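Below is one structure, written out as structure tokens; comments come after it.
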Amino acid sequence: MSKEDKPTFQVSPESFSPMDPQLTNGRWVDVVNELRDRCPVFHSSAHEEDGFYVLTKYEDLRHAHLHPEIYSSCPITIPPAGLTRPWGVIEADPPLHKPLRALLNPQMSKKTIAAQEEHYREIAISLIEPVVPRGEAELVAQVFKKFPLQIILELFGTPEEDNPRLVQLFHILAHRPGEKEDPARAQRIAAAAAQELYQYFTQMLEKRRKEPGDDLISILCEAEIEGEPLTDYEIVDYAMIMVPAGFETTAYGLSHAFRTLARMPEVRREVAGDFSLVPAFIEEVLRFESPSKGLARTVMVDHEVRGSKLKRGDRVLLLWASGNRDPEQFDHPDRFDLHRKPNNHLSFGIGAHRCMGIHMARLSMRVMIEEWLRRVPDFDVDWDAVQEIPGFTWAISALPARWDTEE
């Protein structure tokens, strides 16, 4: 085949990046569909010295999740997040992963989280009611970020005045501003943010050892694995994982949900008229938009996937966003179907590393959607002012909305 005859792609597989700002505003759908159809396993030279492979088919992604002996969870991001050591439970493999995760299973169980529903509603209402009479709001900054942040930082007992800086630092880790223009500088900034966060939670840990409370860090200070207390590193890593996982994913999941409600008024009317549909709506948003486009693995055993030979040490991106649109798994995958059953999307992960905060995320999103639609069943968005940025969680960072108010 001559150079002129080579197939052209909207985005070249060799330069594909999960952080590419060109893929915002829905363009990622066409790109991942094309890549999955034409080269379901491919190699990209972006970010890492030796590049990385990308798995796009639902079946292959599910297999990778269920076989940690073949695909290690450490490290879990492409490009690297800037952390100086393995990222606690989220990057732990068996047999260490199970006891690390079990320590907080009681606090994250469906029953424990369900008992917090009234409290979650109180927080949601306290954020919604001040903005409703105004008839307009930038929903991400004024509502969606504040809501899960208050919930997750209450668990850790951080002072409220520290929250803005913590949000800024975790945003740098998740979205790596300037990555496209200067990757080396973005990496240095991310590493500095990680170091500041480590220092912050280390200092908090020292305070909790002297003056324990009922927060998660105090609980972890008393915890043991096989009779041994956790190290300071292990305790701090829980905070480094759970704060962004509990805050960013829910905040931006909500922004995707409300953008969908604004774009699809027929769906919004149906959901507003029957709140029993809210859980199904949330799951379809998570499949359809895939706020977390995927996470990474490291190959532990030489093997072959669809003709591509992966070797020990190779890095692999599990592209959930593609699996969630795989027509071999989902009927009419590019159609938003409020009544889709089953809906076994990948957006919470699968297997041992399935999202620990899944019940918190689902309840938070359900409560916010219900309480908003009770008060504002009809709203519109200033589409020219919507802002979206890529990251480990893709963010709709600005969603200005407007609605009629009662005179």
**Message:** Among the listed residues His339, His332, identify the single one that is free of Cβ contacts under 8 Å to residues at least 12 places away in the same chain, over 13 Å from His65 (Cβ atoms) and part of a loop (DSSP other than H, G, I, E, B).
**Reply:** His332
**Item:** Within the stretch 280-312, considering residues that are among the basic types (Lys, Arg) and closer than 23 Å to His345 by Cα, the one most open to solvent (accessible area, probe 1.4 Å)
**Value:** Arg306
**Message:** Given the options Glu304, Glu266, name the one that is in contact with a strand residue (DSSP E or B) (Cβ under 8 Å, 6 or more places away or on another chain) and without any contact (Cβ under 8 Å) to a residue 12 or more places away in the chain.
**Reply:** Glu304
**Prompt:** Gln199 passes all but one of (1) in contact (Cβ under 8 Å) with a residue 24 or more places away in the chain; (2) open to solvent by 70 Å² or more (accessible area, probe 1.4 Å); (3) not charged (D, E, K, R); which number fails?
**Reply:** (1)
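Taking Leu317, is it aliphatic (A, V, I, L, M), open to solvent by less than 20 Å² (accessible area, probe 1.4 Å), part of a loop (DSSP other than H, G, I, E, B) and under 25 Å from Thr77 (Cα atoms)?
Numbers: aliphatic (A, V, I, L, M): yes; open to solvent by less than 20 Å² (accessible area, probe 1.4 Å): yes; part of a loop (DSSP other than H, G, I, E, B): no; under 25 Å from Thr77 (Cα atoms): yes.
Considered against the rule, which asks whether it is aliphatic (A, V, I, L, M), open to solvent by less than 20 Å² (accessible area, probe 1.4 Å), part of a loop (DSSP other than H, G, I, E, B) and under 25 Å from Thr77 (Cα atoms), Leu317 comes out as no.
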**Asked** With (1) part of a helix (DSSP H, G or I); (2) surrounded by fewer than 21 Cβ atoms within 10 Å (Cβ to Cβ); (3) modelled with pLDDT of 80 or more as the list, and Val167 as the residue in question, which single condition is left unmet?
**Response** (3)
**Single condition Arg101 does not satisfy, out of (1) among the charged types (D, E, K, R); (2) open to solvent by 40 Å² or more (accessible area, probe 1.4 Å); (3) modelled with pLDDT of 90 or more; (4) in a helix (DSSP H, G or I)** = (3)
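How many residues does the stretch 49-59 hold that are in contact with a Pro (Cβ under 7 Å, 6 or more places away or on another chain) and either open to solvent by 10 Å² or more (accessible area, probe 1.4 Å) or without any contact (Cβ under 8 Å) to a residue 24 or more places away in the chain (or both)? Break it down stepwise before answering.
From the stretch 49-59, those in contact with a Pro (Cβ under 7 Å, 6 or more places away or on another chain) are 56-57; that's our starting set.
Add one more test, that the residue is either open to solvent by 10 Å² or more (accessible area, probe 1.4 Å) or without any contact (Cβ under 8 Å) to a residue 24 or more places away in the chain (or both), and what stays is 57.
Count: 1.
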**Asked** Which of the residues belonging to the stretch 219-241 are farther than 20 Å from Leu149 by Cβ and open to solvent by less than 10 Å² (accessible area, probe 1.4 Å)?
**Response** Leu220, Ile235
**Asked** Right, Val131: crowded, with 16+ Cβ neighbours inside 10 Å, of a type outside the set (Ser, Thr, Tyr), free of Cβ contacts under 8 Å to residues at least 60 places away in the same chain and within 30 Å of Leu373 (Cα to Cα) or not?
**Response** yes
**Asked** Can you tell me which of Arg362, Arg374 is open to solvent by 10 Å² or more (accessible area, probe 1.4 Å) and under 30 Å from Pro106 (Cα atoms)?
**Response** Arg362
**Request:** Could you check how many residues of the stretch 242-271 are part of a helix (DSSP H, G or I), open to solvent by 30 Å² or more (accessible area, probe 1.4 Å) and of a type in the set (A, V, I, L, M)?
**Result:** 1
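To keep it simple, each residue is scored yes or no on (1) touching a residue at least 24 places away in the same chain (Cβ under 8 Å); (2) within 23 Å of the chain's Cα centre (by Cα); (3) open to solvent by 10 Å² or more (accessible area, probe 1.4 Å).
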position	(1), (2), (3)
Pro18	yes, yes, yes
Gln22	no, yes, yes
Arg27	no, yes, yes
Val31	no, yes, no
Cys39	yes, no, yes
Ser45	yes, no, yes
**Request:** Go through the residues of the stretch 337-349 one by one and say whether even a single one is among the charged types (D, E, K, R) and under 25 Å from Ser15 (Cβ atoms).
**Result:** no
**Fill in**
Selection from the stretch 266-308 of residues within 27 Å of Ile389 (Cβ to Cβ) and hydroxyl-bearing (Ser, Thr, Tyr) yields Ser290, Ser292, Thr298
**Request:** Please go through the stretch 216-241 and pick out each residue that is touching a Cys at 6+ places or on another chain (Cβ under 8 Å) and part of a helix (DSSP H, G or I).
**Result:** Ile235
**Request:** Confirm whether Asp331 is under 18 Å from Arg134 (Cβ atoms), acidic (Asp, Glu), modelled with pLDDT of 95 or more and open to solvent by 50 Å² or more (accessible area, probe 1.4 Å).
**Result:** no
**Item:** Unique match (being at pLDDT 95 or above and of a type outside the set (Asp, Glu)) among Arg306, Arg354
**Value:** Arg306
**Asked** When the stretch 383-399 is examined, which residues are found to be touching a helix residue (DSSP H, G or I) at 6+ places or on another chain (Cβ under 7 Å), part of a strand (DSSP E or B) and either at pLDDT below 90 or buried (at least 19 other Cβ atoms within 10 Å of the Cβ) (or both)?
**Response** Ile389, Ala395, Ile396, Ser397
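Yes/no per residue for (1) among the basic types (Lys, Arg); (2) in contact with a Leu (Cβ under 9 Å, 6 or more places away or on another chain); (3) surrounded by fewer than 13 Cβ atoms within 10 Å (Cβ to Cβ):
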site	(1), (2), (3)
His97	no, no, no
Met108	no, no, no
Glu138	no, yes, no
Val143	no, yes, no
Pro148	no, yes, no
Thr158	no, yes, no
Glu161	no, no, yes
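The values are calculated or read from the model by the stated rules, or taken from the named source; none is laboratory data. Since we're looking at a predicted model, the values are computed, not measured. No Cβ is skipped: glycine too gets one built from the backbone with ideal geometry, and neighbour counts run over all protein chains shown. Just so you know, the surface numbers come from the protein's heavy atoms only, side chains and all, with ligands and any DNA or RNA stripped out. Shrake-Rupley method; radii C 1.70, N 1.55, O 1.52, S 1.80 Å.
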